[in-house]
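Since the structure comes first, as structure tokens, the remarks are kept for the end.
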Amino acid sequence: MADIKTKLVKSKEELEEAINIRKIVFIKEQKVPLDIEIDGLDSESEHFLAYLDDKPIGCGRVRTNNNYAKLERIAILKEFRGKGFGKELTNFLIDYCKKKNVKRIILHSQSHVVDFYKKFGFKIAGRPFFEANIEHLEMYLNID
């Protein structure tokens with residue numbers, strides 16, 4: 001399997017590439033309304049792009065708040081799913097959060113990918129809820 005390279009977004013152009021991936025995955029594929037996907041929180045988030053052979057294939061963002069971080073907008077373009085790239089991207093984001101010395105990482109997982117996040121040690125917190133007409137579960141990972 002080829003390795004992806006994930007990096008922190010540092011330019012307006014890179015941010016636009018990340019948002020473009022989100023629009024393809026969440027708005028076009030999953031029919032998430034634009035005003036929910038582009039939620040006004042991008043300016044207070046750190047964004048990441050995953051590259052395969054210099055082509056952006058995935059993204060995610062992290063918002064930190066005191067002792068916890070929230071992983072959001074994790075997406076891999078359809079043609080690159082099922083190849084382990086999502087696992088590599090998620091591991092990168094978790095490691096990034098650990099370096100920021102957070103005590104807990106949270107995320108809102110779409111129900112159909114809960115088992116994916118359980119493989120990283122995330123646990124379910126609370127009951128299912130709907131966001132953009134998609135069932136989600138809050139999950140958390142405590143950092144030792």
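The values are calculated or read from the model by the stated rules, or taken from the named source; none is laboratory data. Predicted model, so just to flag it, every value in this text is computed and none were measured. Glycine also receives a Cβ, built like all others from the backbone with ideal geometry; neighbour counts cover every protein chain displayed.
Pick out the one residue from E16, E79, E72 that is at pLDDT 95 or above and not in a helix (DSSP H, G or I). On inspection, the qualifying residue turns out to be E72.
Within the stretch 114-136, the set of residues being surrounded by 13 or more Cβ atoms within 10 Å (Cβ to Cβ) and farther than 22 Å from L34 by Cα comprises V114, F116, Y117, K118, F120, G121, F122, I124. Assessment of the stretch 36-48 against the conditions (surrounded by fewer than 14 Cβ atoms within 10 Å (Cβ to Cβ), touching a residue at least 40 places away in the same chain (Cβ under 8 Å) and not hydroxyl-bearing (S, T, Y)) yields at least one matching residue. A single entry from K87, K10 fulfils the requirement of being assigned to a loop (DSSP other than H, G, I, E, B) and surrounded by fewer than 17 Cβ atoms within 10 Å (Cβ to Cβ): K10. Checking the stretch 56-68 against the condition returns a match, with at least one residue being within 20 Å of K123 (Cα to Cα), surrounded by fewer than 15 Cβ atoms within 10 Å (Cβ to Cβ) and in contact with a Lys or Arg (Cβ under 6 Å, 6 or more places away or on another chain). When we screen V32, V62, V25 for residues that are touching a residue at least 24 places away in the same chain (Cβ under 8 Å) and part of a loop (DSSP other than H, G, I, E, B), the only hit is V32.
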